[in-house]
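Peer 1: I'd like to ask you about the structure that follows.
FYI, it's all coordinate maths here, none of it is from the lab. From a predicted model like this one, the values you see are computed outputs, not experimental measurements. Ideal geometry is used to build each Cβ from the backbone, glycine not excepted, and the neighbour counts take in all protein chains shown.
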Amino acid sequence: MNDSSPQQSSQNQSTWASIATWRMAYEGMVKSSSGLEEGGQAGDAVETLIQEVEANPDYTSVGYGALPNREGEMEMDAAFMDGNNMALGAVAGIQYALHPISVARRLSRRHTSSFLVGQGATRYAQISGFEMRNMLTDRARRRWELESAKATRPESAGPYRGHDTVGAICLDLQGSMAAGTSTSGLFMKEPGRVGDSPLPGSGFYVDSAVGGAAATGLGEDIMKGCLSYRIVALMGRGLTPQEACDSAVYEFYSLLRKRCGKVGEISLIALNTRGEWGVATNVEFTFCTARKGEQTRILMANPDGKSGTRIDPVAKDWLQ
């Protein structure tokens with residue numbers, strides 16, 4: 001629960017809104033929007049939205065049935081942040097927990113030991129009563145077996161691909177904001193590998209006085225720029241969410257390409273205290289939005305050299 005009031009101006013809050021990465025967030029956003037419409041809290045909305053993705057084996061990069069590491073084990077990362085009091089919790093390399101986002105949210109209520117990794121995170125989830133299960137479905141195991149068979153050495157198994165994080169930012173009618181992320185990370189990753197998703201400032205950041213941001217893509221590149229914090233800071237200086245996303249993402253993309261010669265996939269979403277959103281990406285990227293008085297939408301973003309980011313509606317046949 002959000003335990004403190006947002007540090008906002010006295011302007012009356014009359015809208016709720018949410019934005020989340022990828023088409024897979026749609027069902028969860030529809031479900032969480034009902035709560036926001038009825039006056040529910042932003043933190044509950046974020047958790048509900050992400051739980052829906054984590055429990056669905058059809059979404060093969062988050063939660064149940066997601067992407068195993070090189071040894072065929074499911075290691076998951078998740079984070080939660082309360083924009084009112086800046087409380088945050090995170091887990092990395094957690095195993096067997098059906099809802100890593102819920103474990104992260106529980107940890108956010110701690111002042112210390114709020115970021116747990118590996119066996120420590122898994123044990124905390126177990127003793128705290130969270131639902132635990134084997135997160136590898138038959139399909140996920142078969143996919144790992146096929147990829148492993150291609151390798152001549154265990155350490156060379158498979159390319160680093162498949163890394164779609166579900167990230168969500170919600171604003172409630174009281175003006176409170178929250179953000180969260182959840183992912184299984186890169187397919188066939190090195191055991192113990194952690195990307196940007198659970199790292200505050202990189203994979204997510206939110207401040208109820210300004211807004212929030214969340215990232216998806218190649219964590220090793222995203223974390224080099226602390227892009228989520230950078231976007232929130234730019235919104236705090238008066239930029240719209242779209243201006244902040246375009247400025248942070250494309251400037252950093254150009255810098256990284258110049259310094260490193262190549263850049264992985266990078267996509268960022270943002271939401272401010274007025275329910276306005278923004279998106280920037282260097283690949284084709286779907287995302288979902290909802291706001292009071294509007295239908296939940298799935299949109300497509302593409303980089304546009306002329307205007308920064310091009311946003312298009314998603315064709316119905318594309319979803320089938």
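Peer 1: For a footprinting-style exposure proxy, rank Cys260, Cys226, Cys170 by other Cβ within 10 Å, fewest first.
Peer 2: With the sparsest Cβ surroundings first, the list reads Cys260, Cys226, Cys170.
Peer 1: Also: Loop-only GluC sites (Glu not before Pro) in the range 217-320, please: DSSP not H, G, I, E or B, and at most 13 other Cβ atoms within 10 Å. Don't skip to the end; give the middle numbers.
Peer 2: Details: sites: Glu220, Glu243, Glu251, Glu265, Glu276, Glu284, Glu294; in loops: Glu265, Glu276, Glu284, Glu294.
Filter output for the range 217-320: Glu284, Glu294.
Peer 1: How far apart, in nanometres, would the label points at Glu73 and Glu38 be if each is projected 7 angstrom from Cα along the Cα-to-Cβ direction?
Peer 2: For the pair Glu73/Glu38, the computed spacing is 4.1 nm.
Peer 1: If amide hydrogens are placed 1.01 Å from N in the peptide plane, which non-local residues have theirs closer than 5 Å to the one on Val117?
Peer 2: Those lying under 5 Å, H to H, from Val117 are Ala92.
Peer 1: Another question about this same structure. Full extension from Gln295 to Met132: what is 0.36 nm times the residue separation minus their Cα-Cα distance, to one decimal in nm? Let's see the in-between values first.
Peer 2: Details: separation 163, 0.36 × 163 = 58.68 nm, distance 3.46 nm.
The Gln295-Met132 span can extend by a further 55.2 nm.
Peer 1: Ranking Met24, Met86 by Cβ neighbours within 10 Å, fewest first, what do you get?
Peer 2: Details: Met24 21, Met86 15.
Fewest to most other Cβ atoms nearby, the residues stand as Met86, Met24.
Peer 1: Run down the aspartates and glutamates and flag those whose C-alpha is under 18 Å from the C-alpha of Lys189, throwing out any fewer than 8 positions away in its chain.
Peer 2: Cα-Cα hits under 18 Å: Glu71, Glu73, Glu75, Asp77, Glu145, Glu147, Glu155, Asp164, Glu220, Asp221, Glu265.
Peer 1: While we're on this one: Please list, in order along the range 140-149, the HN-Hα scalar couplings obtained from phi with the Karplus expression 6.51 cos²θ - 1.76 cosθ + 1.60 (θ = phi - 60°), rounded to whole Hz, x for Gly and Pro.
Peer 2: Result, ordered by residue: 5, 5, 5, 4, 5, 4, 5, 5, 5, 5 Hz.
Peer 1: Please list, ordered by chain and number, the residues whose modelled amide H lies under 5 Å from the amide H of Asp207; skip anything fewer than 5 residues away on the same chain.
Peer 2: Gly212
Peer 1: Mind checking which of Ala178, Ala79, Ala87 has the largest fluctuation in a GNM of the chain, springs on alpha carbons under 10 Å?
Peer 2: Ala87
Peer 1: Hey, with R₀ at 30 Å, roughly what FRET efficiency would Arg259 and Asn302 work out to, going by the Cβ-Cβ distance, to 0.05? Don't jump to the answer; show the numbers that get you there.
Peer 2: Working: r = 24 Å, r/R0 = 0.81.
Approximately 0.80, to the nearest 0.05.
Peer 1: Still on this structure: Give me Arg141, Arg193 ranked fewest to most by other Cβ atoms within 10 Å of their Cβ, as a rough exposure proxy.
Peer 2: Numbers: Arg141 15, Arg193 18.
So the ranking, lowest neighbour count to highest, is Arg141, Arg193.
Peer 1: Could I ask something else about it? So between Asn56 and Leu146, what do we pick up on full extension, going 0.36 nm a residue minus the alpha carbon distance?
Peer 2: Details: separation 90, 0.36 × 90 = 32.40 nm, distance 2.23 nm.
Separation in residues times 0.36 nm, less the Cα-Cα distance, equals 30.2 nm.
Peer 1: A follow-up question, please. Taking amide H positions as placed 1.01 Å from N in the peptide plane, with prolines and chain starts having none, which residues 5 or more places from Met135, or on another chain, fall under 5 Å of its amide H?
Peer 2: Here Tyr96 satisfy the definition.
Peer 1: If you take every DSSP beta bridge whose two residues both sit in the chain, what share of them, in percent to the nearest 5, is antiparallel? Please list the in-between numbers first.
Peer 2: Numbers: 55 of 59 bridges.
Bridges in the chain are about 95 percent antiparallel.
Peer 1: A further question follows. Measure of size requested: the Rg and Dmax of the range 17-319, with Cα atoms as the atom set and Å as the unit; please supply both.
Peer 2: Considering the range 17-319 through its Cα atoms, Rg and Dmax are 18.0, 57 Å.
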